[in-house]
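Comments concern the structure below.
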Amino acid sequence: MNLQEQLHELHLPDNFFTNVAKYKEHLLKWNKIHNLTGAKDENTLDEFIFDAVYPVSFLPKINSLMDIGTGAGFPGMILAMALPDTQVTLVEPLAKRASFLQFIKADLGLENVTVVKKRVEEMESTIFDLITSRAVTDTKMLLKLSENHRDSHTKLFFYKGEKVFDEMEDLAQNMQYKVIEMQNRHYLLLGETL
């Protein structure tokens, strides 16, 4: 089953798969020179894209999103393509990855994307509706890194593996959480209210 068939139940924008095809083409070319991601073939990229966009099926409607450590675009750039009405800030400190994200933003005309070439802790304090992250650090550290960018209404959504349950013991008492389990991925949704 191809990516489009896997995602057919999601209500994605008409241009989502066209944009994803261009994104994959560029990423495979750039990756040969700059080593932006461990995903070196189209099948692995499709798995990463499915993993990034599947949560659109259950995430609340949001106006603003910040992705910490976007890397080559997972999940932030993919979510930006899937959520054109959401302002998406991609935080990536490495120059080669930030340059790639900026190129994709320009090439695809993604007006809802802002690329910030900084570490998240160096950013000015701005509050977001949703903060995401994939494969950056543990949940406790992500909570610390995101504290200047959230308020009591902000939801946090982290892409985790099976060790997610080990990290739950360290959460602050006022944090509610929900783990959405998939075959190869666990998604962690956190907030003061869920």
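Observations on the structure shown:
- Checked against the criterion of being more than 22 Å from residue 73 (Cβ to Cβ) and touching a residue at least 12 places away in the same chain (Cβ under 8 Å), the candidates 136, 164, 116 yield just one match: 164.
- Some residue of the range 155-176 being hydroxyl-bearing (Ser, Thr, Tyr) and in a loop (DSSP other than H, G, I, E, B): no
- Test: residue in the range 106-128 that is of a type outside the set (Asp, Glu), more than 11 Å from the chain's Cα centre (by Cα), in a helix (DSSP H, G or I) and within 23 Å of residue 39 (Cα to Cα): yes
- Checking residue 62 against (1) in contact with a Leu (Cβ under 9 Å, 6 or more places away or on another chain); (2) exposed (fewer than 13 other Cβ atoms within 10 Å of the Cβ), the condition it does not meet: (2)
- Applying the condition of being of a type in the set (Val, Ile, Thr) and in contact (Cβ under 8 Å) with a residue 60 or more places away in the chain to the range 35-84 and asking which residue is farthest from residue 140 (Cα to Cα) yields 62.
- The range 5-31, residues that are at pLDDT below 90 and more than 20 Å from residue 84 (Cβ to Cβ): 5, 6
- Only one of the numbered conditions (1) exposed (fewer than 13 other Cβ atoms within 10 Å of the Cβ); (2) at pLDDT below 90; (3) within 25 Å of residue 26 (Cα to Cα) is not met by residue 136, and that is (1).
- Single condition residue 92 does not satisfy, out of (1) surrounded by fewer than 16 Cβ atoms within 10 Å (Cβ to Cβ); (2) farther than 25 Å from residue 177 by Cβ: (1)
- Odd one out for residue 21 among (1) free of Cβ contacts under 8 Å to residues at least 12 places away in the same chain; (2) under 22 Å from residue 136 (Cα atoms): (2)
- Conditions (1) aliphatic (A, V, I, L, M); (2) surrounded by 13 or more Cβ atoms within 10 Å (Cβ to Cβ); (3) under 24 Å from residue 54 (Cβ atoms): number failed by residue 141: (3)
- Candidate set from the range 156-175 (those that are at pLDDT 80 or above and surrounded by 12 or more Cβ atoms within 10 Å (Cβ to Cβ)); member that is farthest from residue 47 (Cα to Cα): 156
- Candidates are the residues of the range 106-150 that are touching a His at 6+ places or on another chain (Cβ under 9 Å) and among the charged types (D, E, K, R); the one that is farthest from residue 187 (Cα to Cα) is 107.
The values are calculated or read from the model by the stated rules, or taken from the named source; none is laboratory data. The shown structure was predicted, so the numbers you read here are calculated from the model rather than taken from an experiment. No Cβ is skipped: glycine too gets one built from the backbone with ideal geometry, and neighbour counts run over all protein chains shown.
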